[in-house]
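Encoded as structure tokens, the structure appears first; notes follow it.
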């Protein structure tokens, strides 16, 4: 039962192969087993690759099964169409396009499995890339907010400096009128005279202006600080909203690019392994000597080719004979006087009918 299934997988003619020796059947069962297990590996590889895309096992298994059947059909077709010839060069030339196709299939099959085998190393590469992307993203977003924040902070510094300058002037006036009252400066007279009152009034005016300035600038500073807090909050939200996109940067293409950044030698050997598996049926058929099955297939094909050639030649001969007979018949008919007169009579009748019809048409038009 298992042997018959693998023979089916090899694409061999089961009726012809059933008349061959047991060794010949085992050879094609081995080729079919290689085709079958290659398709199984293709199913596993594609299912994993599709799982990284869809994130659902049902879709991955469904489309992976379709891909596995496609690879099975291609491999079976490739093996079944390679015929043993009398020259190895002709066989190799016949198998060359199929070997190229097997190379492509091996790449497609091996790549998803490489992603699974080196999953931990790929995750480490992706983590480093995500960290770098996060830092770069923060820097790019900061460039949108930092200039505005710096401008607002400069305005706050300017407002605070205005208060400090006004406070310094007010303190200086305070020292001036105190010194005048003590007699240590100004007029040098002890007591609160007219000059003291003048300087005291000026200080009080500056003090009132300082209080008003503190109130006005304080409100402006509060508004500017609120605006800075709002910008900082927007920046934090922008970073938080964009981070899930960076965290989700682990799709199929990202993993393939991460795999390319790892040492190439292990991946190359895995590729060679699958290339050997994929080309094994073709190489086996190329290297195997011409066996009993090949002779019987060649005999069956020659019988069909001979039968077709015979039918084509018979059809050509039949067409040629029929043409010669028709030519001879019409040449004999040319000499028949009775037939000539009959056709002449009928032609005259047709001409009369045409003339009458034309006359009736002209009369109706008058």
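The values are calculated or read from the model by the stated rules, or taken from the named source; none is laboratory data. Because the structure is a prediction, the values reported are computed rather than measured. Because the Cβ atoms are built from the backbone with ideal geometry, glycine has one as well, and the counts that use them run over all protein chains shown.
In a residue-by-residue description of the range 292-299, the property of being without any contact (Cβ under 8 Å) to a residue 24 or more places away in the chain, in the same structural domain as residue 51 (by TED's automatic domain parsing), part of a helix (DSSP H, G or I) and closer than 28 Å to residue 78 by Cβ applies to no position. Condition check for residue 219 on (1) modelled with pLDDT of 85 or more; (2) more than 50 Å from the chain's Cα centre (by Cα); (3) surrounded by 13 or more Cβ atoms within 10 Å (Cβ to Cβ): one failure, at (3). Restricting attention to the range 20-62 and to residues that are out of contact with any helix residue (DSSP H, G or I) (no Cβ under 7 Å at 6 or more places or on another chain) and outside any helix (DSSP H, G or I), the residue that is modelled with the lowest pLDDT turns out to be 55. Of the residues screened, residue 8 is one that is surrounded by fewer than 21 Cβ atoms within 10 Å (Cβ to Cβ), within 23 Å of residue 301 (Cβ to Cβ) and in contact with a helix residue (DSSP H, G or I) (Cβ under 8 Å, 6 or more places away or on another chain). Being more than 24 Å from residue 30 (Cα to Cα) and surrounded by 10 or more Cβ atoms within 10 Å (Cβ to Cβ) holds for only one residue in 261, 290, and it is 261. Test residue 72 against the criterion of being modelled with pLDDT of 80 or more, part of a helix (DSSP H, G or I), surrounded by 18 or more Cβ atoms within 10 Å (Cβ to Cβ) and out of contact with any strand residue (DSSP E or B) (no Cβ under 7 Å at 6 or more places or on another chain), and give yes or no. Considered against the rule, which asks whether it is modelled with pLDDT of 80 or more, part of a helix (DSSP H, G or I), surrounded by 18 or more Cβ atoms within 10 Å (Cβ to Cβ) and out of contact with any strand residue (DSSP E or B) (no Cβ under 7 Å at 6 or more places or on another chain), residue 72 comes out as yes. When the criteria are applied in full, residue 181 fails the requirement of being modelled with pLDDT of 75 or more and farther than 30 Å from residue 28 by Cβ. When you scan the range 102-114, how many residues do you find that are in contact (Cβ under 8 Å) with a residue 12 or more places away in the chain and either outside the structural domain of residue 280 (by TED's automatic domain parsing) or surrounded by fewer than 16 Cβ atoms within 10 Å (Cβ to Cβ) (or both)? Within the range 102-114, residues that are in contact (Cβ under 8 Å) with a residue 12 or more places away in the chain and either outside the structural domain of residue 280 (by TED's automatic domain parsing) or surrounded by fewer than 16 Cβ atoms within 10 Å (Cβ to Cβ) (or both) number 2.
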